[in-house]
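Input: a single structure, listed below in structure tokens.
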């Protein structure tokens, strides 16, 4: 198949502003495509060589791509770069310069085939090791030299991973349904196959070669990621109860990265929400799945959350993003360890659990997991009314979570791969009272450390001062921000204030391992102030039976030796910060 046919189709698609015309052009291209290369054409149309979960990337650095264009058209890199600054599209720049070269030389070369282009790009993408950059440059420049200006435009776009065509996966499925499925109604069958395989090229190949009946037989397979089920979003308990009725499951929504783990014996492969293979970035998660998922073959979903292993505190998502790197993985793993909170089971030892109701999946997941501090199922509860939901929501926020995932438990609550619907509802308040200033808090208790913090304190219980009642009210636990030197000297500092029980002026619903008289004040910054069912600061002033808490607190390193405990931040100040920042967000 001539590559020019593909380039002509892409040009027409790029020129149209109507979706039905885009689909018509794609249908025409798919009908022209020989069955043995249909998957290649589909991948190229997506701007790739393979589905995302196969880690072979067409993309190369812009600098190398510029050199290839320069070499192919016989112009300096500076000229290419200057034109790119104007067009913003290396494909368009390549087309322009190649057109000038063609006019000047009137040379003729053998037409490019789809097979030749794909094969060369594949070899280029797989080149690695010593001399690989030179090989990539030679491959790409050779392709451009053999290409027409229009072909060069789309070759460069494929290489850069940016087709600029606006063709979505669903557009391809629509075109396949029309071209080979007998009409638009076949789209449902094709989409189901795509949702459980995440491989659009494979779906195309099967429908073209074997027909729609063969597509209906697509099954969940370990190693092929399943397109994740997604949730709708609501901002109030009342709306959620109205959508799901009573008796649904509420789960903590952790502030981490969603991972789909595929286990086959000792082999574990991890996929991101976007179905990219991220196994190499989380070797610790691989080990946890190997040891604690008790099934020979399984597909589970989990949230990977950054933690402090000494205090077991959850860290914000930004901390976890330090794990997204190609190099220094072992160092990052030690510096930013994770815990896994498993929340769904999609497959286990021959059984496709995507077709089973949520409670069946949840029950089986609980059965096959060996729980530890680092591997747990997401904390959950059955909710029957608004009071249950609100209470569990506050508990989730208090534990460092974003909010809740509320999930239907009815008979129809199957795993809707690739779909967004009201089976799952995300419950995150529409507001956050984000902290913009530090606060001065009193150390009134401590919790024993573990791991490298064994023998010292792992976290501290901190309080504000209530001058009206002359008491200290808890607002947060803090174990982040303390240096090794801090951890060494704090027991010495606090030892003279240690007491055998909770101080009479301390109001706390939490039980510390060690209690102190209110004396030492430290400076703390946090992510936001939230409603809390377990902390006593400003209790009942914002909401009945709830206080205020600081989420993701961090010690700034500043000991407020100039302040007595009674000079610490007051409960009234915290309440005003909450209201002021809440108003500010609503205004924005």
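The values are calculated or read from the model by the stated rules, or taken from the named source; none is laboratory data. This is a predicted model, so every value here is computed, not measured. With ideal geometry, Cβ positions are generated from the backbone for all residues, glycine too; neighbour counts draw on all protein chains shown.
Below, the figures for the structure above:
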read-out	value
Qualifying positions in region 245-269 - farther than 20 Å from residue 348 by Cβ and surrounded by fewer than 18 Cβ atoms within 10 Å (Cβ to Cβ)	245, 246, 247
Residue that is in contact with a strand residue (DSSP E or B) (Cβ under 9 Å, 6 or more places away or on another chain) and surrounded by 15 or more Cβ atoms within 10 Å (Cβ to Cβ), where the choices are 366, 390	390
Single residue of 86, 96 found to be part of a helix (DSSP H, G or I), crowded, with 16+ Cβ neighbours inside 10 Å, modelled with pLDDT under 95 and under 41 Å from the mean Cα position of the chain (by Cα)	96
Inter-residue pairs, beta-carbon under 6 Å, first in the same structural domain as residue 527 (by TED's automatic domain parsing) and in region 296-315, second not in a loop (DSSP other than H, G, I, E, B), 6+ apart	none
Any chance residue 291 is under 18 Å from the mean Cα position of the chain (by Cα), in contact (Cβ under 8 Å) with a residue 60 or more places away in the chain and not in a strand (DSSP E or B)	no
Given (1) crowded, with 22+ Cβ neighbours inside 10 Å; (2) closer than 30 Å to residue 190 by Cβ, number of the condition residue 419 does not satisfy	(1)
Flag for residue 20 being surrounded by fewer than 14 Cβ atoms within 10 Å (Cβ to Cβ) and over 13 Å from residue 160 (Cβ atoms)	yes
Test: residue in region 476-486 that is surrounded by fewer than 18 Cβ atoms within 10 Å (Cβ to Cβ), under 36 Å from the mean Cα position of the chain (by Cα) and at positive phi	yes
Subset tally (residues that are more than 30 Å from residue 197 (Cα to Cα) and at pLDDT 85 or above) for region 400-437	2
Number of the exception - residue 34 against (1) exposed (fewer than 15 other Cβ atoms within 10 Å of the Cβ); (2) assigned by TED's automatic domain parsing to the domain that holds residue 152	(2)
Qualifying residue in region 441-452 (condition: more than 34 Å from the chain's Cα centre (by Cα) and farther than 21 Å from residue 509 by Cα)	no
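Residues are listed down the side, and each one gets a yes or a no for (1) surrounded by 18 or more Cβ atoms within 10 Å (Cβ to Cβ); (2) more than 18 Å from residue 376 (Cβ to Cβ):
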{"site": "271", "(1), (2)": "yes, yes"}
{"site": "276", "(1), (2)": "no, yes"}
{"site": "286", "(1), (2)": "yes, no"}
{"site": "293", "(1), (2)": "yes, no"}
{"site": "299", "(1), (2)": "yes, yes"}
{"site": "303", "(1), (2)": "yes, no"}
{"site": "306", "(1), (2)": "yes, no"}
{"site": "312", "(1), (2)": "no, no"}
{"site": "319", "(1), (2)": "yes, yes"}
